[in-house]
Amino acid sequence: MKKLILASASPRRKELLSMLNIPFIIETSDVEEVMEQHLHSSELVMKLAEQKAADVYKKFPNAIVIGADTIVTFADQKLGKPSSKEDAFAMLKMLSGNTHEVFTGVSIINEGITSNFYQCTKITFSVLSDQEILDYIDTNEPMDKAGSYGIQGFGGTFVEKIDGDYFSVVGLPINKVKKKLYELFFN
């Protein structure tokens with residue numbers, strides 16, 4: 001069996017990929033993420049995922065490499081990870097009481113062949129008070145998360161409704177990843 005590599009340092013992606021009971025290792029990419037606002041969110045997350053996977057694949061050309069990237073989109077704005085607590089506050093204030101989309105792109109490279117796909121999930125937040133937002137930011141949970149929240153943590157308490165794949169919002173559309181890996185490993 002080929003070596004499977006996850007090109008991500010995300011503990012959430014590691015946990016999700018572990019659900020498949022397929023052995024893998026982690027090798028992080030040194031690619032700088034550039035938020036190209038002119039690209040559609042689906043294109044952007046697949047491009048970023050592919051850049052990460054390709055960077056790691058160069059070092060391990062005999063492996064199967066998975067790259068992934070997640071962004072939040074609201075009102076034609078792409079929201080990555082916050083650059084400061086003020087940035088996190090602005091993002092959460094924007095999402096408060098509204099529905100936004102979470103796009104996760106995945107790139108799997110095997111034998112030089114790249115397969116890219118994405119998942120889009122709609123999330124509706126309840127109305128948040130400024131104090132709720134400030135208290136959440138004080139936990140530091142939002143600081144390394146796209147859109148400034150983690151659905152799998154305390155940020156999940158803001159979610160009033162979800163339409164789509166929960167795991168994709170966490171960071172990896174595990175159902176789609178499983179199907180693709182089973183094709184690669186068992187067909």
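The values are calculated or read from the model by the stated rules, or taken from the named source; none is laboratory data. All values reported here derive from a predicted model rather than from experimental measurement. Every residue, glycine as well, gets a Cβ built from its backbone with ideal geometry; the counts of neighbours run over all protein chains shown. To get the accessible areas, we keep the full protein, side chains included, count just its heavy atoms, and leave off ligands, DNA and RNA. Shrake-Rupley method; radii C 1.70, N 1.55, O 1.52, S 1.80 Å.
Summary table
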read-out: Residues satisfying the stated conditions in region 81-90, i.e. open to solvent by 10 Å² or more (accessible area, probe 1.4 Å) and in contact (Cβ under 8 Å) with a residue 24 or more places away in the chain; value: LYS81, PRO82, LYS85, ASP87, PHE89
read-out: For ALA49: the one exception among (1) in a helix (DSSP H, G or I); (2) open to solvent by 40 Å² or more (accessible area, probe 1.4 Å); (3) of a type outside the set (Lys, Arg); value: (2)
read-out: Failed criterion for THR114 (all others in (1) touching a strand residue (DSSP E or B) at 6+ places or on another chain (Cβ under 8 Å); (2) open to solvent by 30 Å² or more (accessible area, probe 1.4 Å); (3) without any contact (Cβ under 8 Å) to a residue 60 or more places away in the chain hold); value: (3)
read-out: Search result, residues across region 60-75 that are more than 18 Å from THR121 (Cβ to Cβ) and open to solvent by 50 Å² or more (accessible area, probe 1.4 Å); value: PHE60, PRO61, ASN62
read-out: Output for region 6-31, where each listed residue is within 18 Å of ALA146 (Cβ to Cβ), part of a loop (DSSP other than H, G, I, E, B) and open to solvent by 70 Å² or more (accessible area, probe 1.4 Å); value: ALA9
read-out: Residue match in region 32-41 (condition: open to solvent by less than 50 Å² (accessible area, probe 1.4 Å), assigned to a loop (DSSP other than H, G, I, E, B), closer than 10 Å to ALA7 by Cα and in contact with a helix residue (DSSP H, G or I) (Cβ under 9 Å, 6 or more places away or on another chain)); value: no
read-out: Number of positions in region 52-73 that are free of Cβ contacts under 8 Å to residues at least 40 places away in the same chain, under 29 Å from ALA90 (Cα atoms) and of a type outside the set (Val, Ile, Thr); value: 1
read-out: Pair list, Cβ < 8 Å and 6+ apart or interchain, from region 22-49 residues that are free of Cβ contacts under 8 Å to residues at least 40 places away in the same chain to residues that are open to solvent by 70 Å² or more (accessible area, probe 1.4 Å) and in a helix (DSSP H, G or I); value: ILE26/LYS14; GLU27/LYS59; GLU36/LYS47; LEU39/LYS47
